[in-house]
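Encoded as structure tokens, the structure appears first; notes follow it.
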Amino acid sequence: MTKERPDTTTDESTDDDVPKYFHYVKKNKIAESAVMGTHVVALCGEVFPVTKSPKPGSPVCPECKKIYDGLRPGE
């Protein structure tokens, strides 16, 4: 079984609608969630629908980043 390294997406918004953190999620689930409104599961275990896309420099969930950095390429 081949695992892909996840991309980032977000679940948490602040009062000005700017996400607090972006989370790592499997690539194939991001588009599905954005179109169908289904929920995704981040590496850290957060469950949420995709509503925003990250921009360079966006804050990443510390727990997701720790798990992501521990994955080997291709995992």
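The values are calculated or read from the model by the stated rules, or taken from the named source; none is laboratory data. Fair warning: this is a prediction, and the values are worked out from it, not measured in the lab. Every residue, glycine among them, receives a Cβ derived from its backbone with ideal geometry; neighbour counts consider all protein chains shown.
So, in the range 30-46, of the ones that are touching a Phe, Trp or Tyr at 6+ places or on another chain (Cβ under 7 Å) and in a loop (DSSP other than H, G, I, E, B), which residue ends up surrounded by the fewest Cβ atoms within 10 Å (Cβ to Cβ)? By that ranking, first place goes to LEU43. Residues in the range 47-75 that are in a helix (DSSP H, G or I) and under 12 Å from VAL25 (Cα atoms): CYS64, LYS65, ILE67, TYR68. The residue that is modelled with the lowest pLDDT, among those in the range 1-31 that are in contact with a Ser or Thr (Cβ under 6 Å, 6 or more places away or on another chain) and more than 16 Å from TYR68 (Cβ to Cβ), is PRO19.
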